[in-house]
Amino acid sequence: QGVHRSSDEKVLASAHKASLTPELHLNLSHRSLTRIPSLVRVSPLLQSIDLSHNDLTVAPLIELLELESLTTLDLSHNQITEMPSPPHRPRGDEVLWRLTSLDCSHNKLEMQPDIVRNLP
């Protein structure tokens, strides 16, 4: 039998192969990801992350909490049905408030979450 890798190992391997530019933009698009690893392991200074064209079903806001420099997030063309606020933070929506650009187009959100509607 062949060696079977866990889901986490596959995601991490994908992250290591991802395109990380000197300007701290991470491209994880088109990788069939269903979830993402802790991006802090890659760089807590990331400014932009492209997670478009994957198979995410939930916006990865919990994983993004530690990325204090993040300003651009592309979640387009996934299967996202919900954008939950992280439960351990009373103001988990702070991730979204830091963003200057958020693309959630072409997902399965039935209605736009309040936090997205109220972004500046």
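The values are calculated or read from the model by the stated rules, or taken from the named source; none is laboratory data. Quick caveat, the model's predicted, so the values are computed rather than measured. Methodologically, a virtual Cβ is constructed for each residue, glycine included, from the backbone with ideal geometry; neighbour enumeration extends over all protein chains shown. To get the accessible areas, we keep the full protein, side chains included, count just its heavy atoms, and leave off ligands, DNA and RNA. Shrake-Rupley method; radii C 1.70, N 1.55, O 1.52, S 1.80 Å.
A few remarks follow.
Every residue, every condition in (1) crowded, with 16+ Cβ neighbours inside 10 Å; (2) at pLDDT 85 or above, yes or no:
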{"site": "G2", "(1), (2)": "no, no"}
{"site": "S7", "(1), (2)": "no, no"}
{"site": "S19", "(1), (2)": "no, no"}
{"site": "L28", "(1), (2)": "yes, yes"}
{"site": "L33", "(1), (2)": "yes, yes"}
{"site": "I36", "(1), (2)": "yes, no"}
{"site": "E68", "(1), (2)": "no, no"}
{"site": "H77", "(1), (2)": "yes, yes"}
{"site": "R89", "(1), (2)": "no, no"}
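- When residues of segment 53-64 are limited to those that are open to solvent by less than 10 Å² (accessible area, probe 1.4 Å) and assigned to a loop (DSSP other than H, G, I, E, B), the one modelled with the lowest pLDDT: P60
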